[in-house]
Each structure stands twice: as C-alpha cells, then as structure tokens.
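Since the structure comes first, as structure tokens, the remarks are kept for the end.
Computed from the coordinates by the stated procedures, all read-outs in this text should not be read as laboratory data. All values reported here derive from a predicted model rather than from experimental measurement. Glycine gets a Cβ as well: all are built from the backbone with ideal geometry, and neighbour counts include every protein chain shown.
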Amino acid sequence: MNAPPRPPAADAPGNRQLAAALRQRAADHPGGSLDRKALLVAAVVLAETRTQTAARRLLAREHVPEDVRPRAEQVLDHLTDTTR
C-alpha cells in the first residue's frame with residue numbers, strides 16, 4: 001500500500017516562492033545561456049503546479065529542448081534536496 005504524500009514542512013517555501021527565486025537567479029546569467037533557460041523552465045513548471053512532484057510531471061510532458069531538459073531536472077533535484 002502506498003503511503004499518502006507528506007505535506008510540506010511549515011517553513012518550506014511553496015512552489016510560487018521557489019519559482020520567483022529561480023527567476024531572480026536566472027537574471028544573473030547571460031541571456032540565452034543554458035543555465036538561464038533551465039532556471040526559467042524550472043520556474044515555469046513550479047509556478048504552474050502545487051508540488052515539486054507535479055512540477056516534474058509537467059516538465060516530463062512539455063516540449064523542452066533536449067539540452068535544457070536535463071539541466072532543468074537538475075535544478076528541480078537541487079530544490080528537492082534543499083527543501084526537505
């Protein structure tokens with residue numbers, strides 16, 4: 001039997017706050033760079049979802065350039081590691 005998903009910790013930032021932080025980080029990278037694209041893609045999927053798991057599912061479904069998708073997944077992985 002699968003356990004129900006754990007609710008986020010009370011002090012954990014929500015997806016919208018995480019998306020805003022990623023947009024700010026993206027501004028520090030040159031326009032058109034892989035890191036900027038990946039940060040912005042991760043920001044969009046977070047802003048459109050309520051959980052990081054849902055953001056990953058959305059990223060998997062959407063058309064994202066082949067070079068950007070793995071880096072965006074890494075960004076989401078890093079967020080998961082730091083928000084637990």
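Figures for the structure shown
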item	result
Net charge over other residues, Cβ less than 14 angstrom from the Cβ of residue 28 (K, R count +1; D, E count -1)	+3
Residues with amide H under 5 Å from that of residue 51, placed H, sequence gap 5 or more	none
Extension gain (nm, one decimal) between residue 61 and residue 23, 0.36 nm per residue minus Cα-Cα	11.5 nm
Low-density loop cleavage sites - GluC sites (Glu not before Pro) in segment 51-84, where at most 13 other Cβ are within 10 Å (DSSP)	62, 66
